[in-house]
Amino acid sequence: MTRLLISIFVFSGLSGLKAQIPAKTPPKVFKTNRKGQFYGAWGWNRDAYTNSTLHLRGDDYDITLHKMKAHDKPSEVSYHNYLEPDRITIPQTNLRLGYFVKDNLAITFGVDHMKYVMTQDQTIDVTGSITRTSSYKGELSGPMVISEDFLTFEHTDGLNLVNIGVEKYANFHQSKDNQFSIDGLAGGELGVMIPKTNAKLLDYERNDEFHVSGFGALLKAGIGFTFFKHLVLKSELKGGYINMWDIILHEKGVNGKGSQDFLFVQGNVLLGFIFKI
């Protein structure tokens with residue numbers, strides 16, 4: 001009986017001691033509450049392109065340029081070129097609008113304004129025939145220097161990809177006051193190509209109109225920094241494929257089309273705001 005009473009006393013004491021130890025408070029979780037918010041961003045890009053096969057066909061020519069080299073055309077960095085309102089669309093730019101359907105998932109719409117310039121005076125294989133009266137009239141087959149009196153070819157107004165996309169976010173860091181966060185992102189975009197092509201073949205007059213010429217698709221990854229909950233700075237690396245089978249070459253009323261496809265890589269930096277309506 002004595003042992004039983006002692007056991008009950010000891011057990012009661014230990015239970016009371018345990019009750020006096022405060023339970024650990026679970027750590028506070030800081031998270032980005034973006035569902036239902038919109039964002040808008042504007043930025044600039046640099047681009048690189050793989051070689052492409054350019055096929056040009058009209059009433060009196062049908063020629064193919066094989067493994068044609070091209071490059072982008074960034075504007076000189078200055079306040080005048082990049083920040084003055086009347087010139088803001090002249091550099092290689094990006095516009096992106098998004099809506100967060102979840103805290104970490106956004107549906108987006110955007111325009112990637114790239115520039116594409118055929119490298120002048122390169123030597124490449126050219127095949128086909130020209131019946132138009134010129135110094136190049138006849139059959140073409142083999143290496144040829146692409147001089148200005150033969151062809152200049154660029155999408156500098158520009159190589160425009162109008163697209164929709166999706167972005168998935170992963171939070172890497174969130175400040176305790178929720179004023180600053182670092183996020184990784186990955187996504188994809190698909191859209192139509194609406195270039196304004198500046199092409200001068202032989203003595204034909206160039207075209208100067210925007211035209212739906214094909215499609216583009218890409219995947220991307222990036223990192224974003226959010227300051228004061230609303231100010232966004234992010235950088236992305238994109239890689240994709242462009243196929244344009246209906247490029248307008250000449251002035252209105254003159255038959256002449258081009259086609260080409262190629263891969264590209266783009267790096268960009270964007271500034272923007274997150275807001276809720």
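We did not get these values from a lab; they are worked out from the coordinates using the rules stated. Keep in mind the model is a prediction, meaning the values are calculated, not measured. Counting neighbours? That spans all protein chains shown, and the Cβs are built from the backbone with ideal geometry, glycine included.
Taking the Cα-to-Cβ direction at H173 and at R206 and moving 7 Å from each Cα, how far apart do the two end points lie in nm?
With each label placed 7 Å out from Cα toward Cβ, I get 4.7 nm.
Quickly work out the K137-to-S75 label distance, labels modelled 7 Å from Cα along the C-beta direction, and quote it in nm with one decimal.
Label-label distance for S75 and K137, simple model: 4.4 nm.
Counting Lys and Arg as +1 and Asp and Glu as -1, each charge on the Cβ, what is the dipole of region 2-275 about the Cα centre in debye, to the nearest 20?
Details: 29 positive and 29 negative charges, 512 e Å.
Here the size comes out at about 2460 debye.
Would you work out which of I248, V101, Q179 lies farthest towards the positive end of the dipole of the chain? Charges go on Cβ: Lys and Arg +1, Asp and Glu -1.
Working it through, the farthest residue towards the positive pole turns out to be Q179.
Could you please report the charge total around T156, scoring K, R as +1 and D, E as -1 over all other residues with beta-carbon less than 9 angstrom from its beta-carbon?
My count for the surroundings of T156 gives +1.
So for region 2-275, taking the charge dipole from beta-carbon charges (+1 Lys/Arg, -1 Asp/Glu), which of G222, M68, Y204 sits furthest toward the positive end?
With unit charges placed on the Cβ atoms, the residue in question is G222.
Hey, could you pull the Cα Rg and Dmax for region 129-277, both in Å?
Gyration radius and largest Cα-Cα distance of region 129-277: 21.8, 74 Å.
How would you rank F275, F38, going from fewest to most other Cβ atoms within 10 Å of each one's own Cβ?
Starting with the residue having the fewest Cβ neighbours, the order is F275, F38.
Please give the peptides 156-164, 238-246 ranked by average Cβ packing (other Cβ atoms within 10 Å per residue), highest first, as a rough proxy for protection.
Values: 156-164: 21.0, 238-246: 17.7.
Top to bottom by mean Cβ count within 10 Å: 156-164, 238-246.
Starting from the Cα-Cα distance between E84 and S129, subtract it from 0.36 nm times their residue separation and give me the gain in nm to one decimal.
Using 0.36 nm per residue and subtracting the Cα-Cα distance, I get 11.5 nm.
Quick check: net charge around D208, other residues with Cβ under 13 Å of its Cβ, Lys/Arg +1 and Asp/Glu -1? Write down the numbers at each step before the final one.
On the way: positive: K196, K200, R206, K252; negative: E154, D157, E205, E209, E251.
Charge balance in the 13 Å sphere: -1.
Taking a cut-off of 28 Å, what percent of all Cα-Cα pairs in the chain are separated by more than that?
Details: 19696 of 38226 pairs.
Value for the chain: 52 percent of Cα pairs lie more than 28 Å apart.
Per the helix-only calculation at 222 nm, which mean residue ellipticity applies to the chain, given -39500 (n - 2.57) for every DSSP H run of n ≥ 4 and division by its residues, nearest 500 deg cm²/dmol?
Here the helix-only value at 222 nm equals -2500 deg cm²/dmol.
For the chain, find the longest principal axis of its Cα atoms and tell me its angle to the long axis of helix 2-20, 0 to 90°, nearest 10.
40
How much net charge surrounds I90 when only other residues with a Cβ under 13 Å from its Cβ are counted (Lys, Arg +1; Asp, Glu -1)? Don't jump to the answer; show the numbers that get you there.
Details: positive: K73, R87, K115, K196; negative: E76, E84, D86, D157.
In short, 0.
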